[in-house]
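Written out below as C-alpha cells is the structure these notes cover.
The values are calculated or read from the model by the stated rules, or taken from the named source; none is laboratory data. Everything numeric in this text was worked out from a predicted model, so none of it was measured. Cβ atoms come from the backbone with ideal geometry, glycine included; neighbour counts cover every protein chain shown.
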Amino acid sequence: MQMTTFCQLGDRGFLKIEGPDAVKFMQGYTTCDLTSLADDTPSLGATCNIQGRMLTSYLLVKRGNDLYLRMHRPLIQKTIEFLSKYIVFSKADLFDISDDLACYGSPGEADIDVGKGFRLALGNRTEFWLPSEQAVDAADDSSPWSDAELEAGIAWVTEATSEEYLPQMFNYHELGGIDFNKGCYLGQEIVARAQYRGELKRRLHRLHSKITRTIGETVSSGMIVSSAPSGLLAVLKNAANEPVTVKFEDGEEVEAIPCH
C-alpha cells in the first residue's frame, strides 16, 4: 500500500467514557448493543435526543471497562454536555481525548504499528487510532478515504446535520448501527416506530453532481450529508423508495438512487 493513500483525518475527535459503569451507562444512550461487543471490535452507533434525532454518530470501541467514541470533532463538547445531564449517578466520567489520539485512514490495508492504539478493519478501508506522540507520515489528500466511505454508504453526523435525522435516515439499520433487540435507550421508541410501522419518509440516496457540493447544502427534497470526489450522499424525502430526480438551488438536476 502506497503511503499516499494513508491520510490523517483531522476532522475526527475522540470521546472517552471511563469507569466501571461506562458500558452500563452508555447502553442507555446509544443505538448499538454494547453488552455483546468484544474488546477492540468496532461498532457503528449513534446517540439520539428524546425525539430520536441523532445528536452525533460514531465508531465505538470497548477496551476493558472503557469506551472510545470517534466522531466529528466539533460535536465532542456538545455530546459531553448532553450526556453529562445523565451520567451524574453512574461511576463513569466523560473525557475529550482528541488531543491524545489521532485518527488515520487508509483504503484497503496498511502496515502500521499501532502500539497501544487501535487498528480497525472496516471492509473496504482501515482506521488507525494512534497516540498523538506516535505520529506517522500521512498524505494531505484524504480524497481516496472519502471515496471509500462513500462507496461503503457511510455518512457521519456533523454540525450541519446534528439533531436533524433519525438513524435510519442515514441507513444505519442496514449498516449494523442499530440493534432493535437491545432494549431501551434515549429516543428508542421513535426509532423503533419508524422501523416497524414503515413511517420513514426520508432516506439516504446516492447522487452525482458536476459541481463540488458541501455537507449541509440543500437540494429540492433534502440535504447533502456526505461529500466525496466520487459522489454525494443526501437524505431526501422519498416515501416510495424509488429513484427520484432532484434539483439544486443553482438549477442542476440529477438522479438520486436510494441506498439499500
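Exactly one residue out of 91, 78 is outside any strand (DSSP E or B), surrounded by fewer than 18 Cβ atoms within 10 Å (Cβ to Cβ), under 17 Å from the mean Cα position of the chain (by Cα) and modelled with pLDDT of 95 or more: that is 78. Being of a type outside the set (D, E, K, R) and in contact with a Cys (Cβ under 7 Å, 6 or more places away or on another chain) holds for only one residue in 54, 26, and it is 54. The lone criterion from (1) outside any strand (DSSP E or B); (2) in contact with a strand residue (DSSP E or B) (Cβ under 9 Å, 6 or more places away or on another chain); (3) surrounded by 15 or more Cβ atoms within 10 Å (Cβ to Cβ) left unmet by residue 56 is number (1).
Please work out which residue is farthest from residue 174 (Cα to Cα), limiting yourself to region 137-157 and to residues that are among the hydrophobic types (A, V, I, L, M, F, W, C) and surrounded by fewer than 20 Cβ atoms within 10 Å (Cβ to Cβ). Checked region 137-157; the qualifying residue farthest from residue 174 (Cα to Cα) is 139. If you go through region 9-37 and keep only what is of a type in the set (A, V, I, L, M, F, W, C) and not in a loop (DSSP other than H, G, I, E, B), you end up with 14, 15, 17, 22, 23, 25, 26. The set of residues in region 50-68 that are under 16 Å from the mean Cα position of the chain (by Cα) and farther than 20 Å from residue 188 by Cα comprises 61, 67, 68. Per the listing 203, 213, the residue uniquely free of Cβ contacts under 8 Å to residues at least 40 places away in the same chain and closer than 22 Å to residue 246 by Cβ is 213. Take the conditions (1) crowded, with 22+ Cβ neighbours inside 10 Å; (2) farther than 21 Å from residue 30 by Cβ; residue 197 misses just one of them, which is (1). Only one entry of 213, 203 meets the criterion of being within 26 Å of residue 70 (Cα to Cα) and part of a strand (DSSP E or B), and that entry is 203.
If you check residue 187 against the conditions, is it closer than 24 Å to residue 78 by Cα and not assigned by TED's automatic domain parsing to the domain that holds residue 31?
Numbers: closer than 24 Å to residue 78 by Cα: yes; not assigned by TED's automatic domain parsing to the domain that holds residue 31: yes.
For residue 187, the condition - closer than 24 Å to residue 78 by Cα and not assigned by TED's automatic domain parsing to the domain that holds residue 31 - is met.
Do we find that residue 114 is outside any helix (DSSP H, G or I), over 18 Å from residue 11 (Cβ atoms) and not assigned by TED's automatic domain parsing to the domain that holds residue 224 in this structure? Spelling it out, residue 114 is indeed outside any helix (DSSP H, G or I), over 18 Å from residue 11 (Cβ atoms) and not assigned by TED's automatic domain parsing to the domain that holds residue 224.
If the condition is being assigned to a strand (DSSP E or B) and surrounded by fewer than 17 Cβ atoms within 10 Å (Cβ to Cβ), then region 120-136 contributes 121, 131.
Taking region 156-193 as the range and being assigned to a loop (DSSP other than H, G, I, E, B), over 25 Å from residue 87 (Cα atoms) and touching a helix residue (DSSP H, G or I) at 6+ places or on another chain (Cβ under 9 Å) as the test, the residues that pass are 173, 174, 175. Apart from one condition, residue 20 fits all of (1) surrounded by 15 or more Cβ atoms within 10 Å (Cβ to Cβ); (2) touching a Lys or Arg at 6+ places or on another chain (Cβ under 8 Å); the exception is (1). Taking region 158-182 as the range and being surrounded by 19 or more Cβ atoms within 10 Å (Cβ to Cβ) and closer than 12 Å to residue 223 by Cα as the test, the residues that pass are 161, 165, 169, 170.
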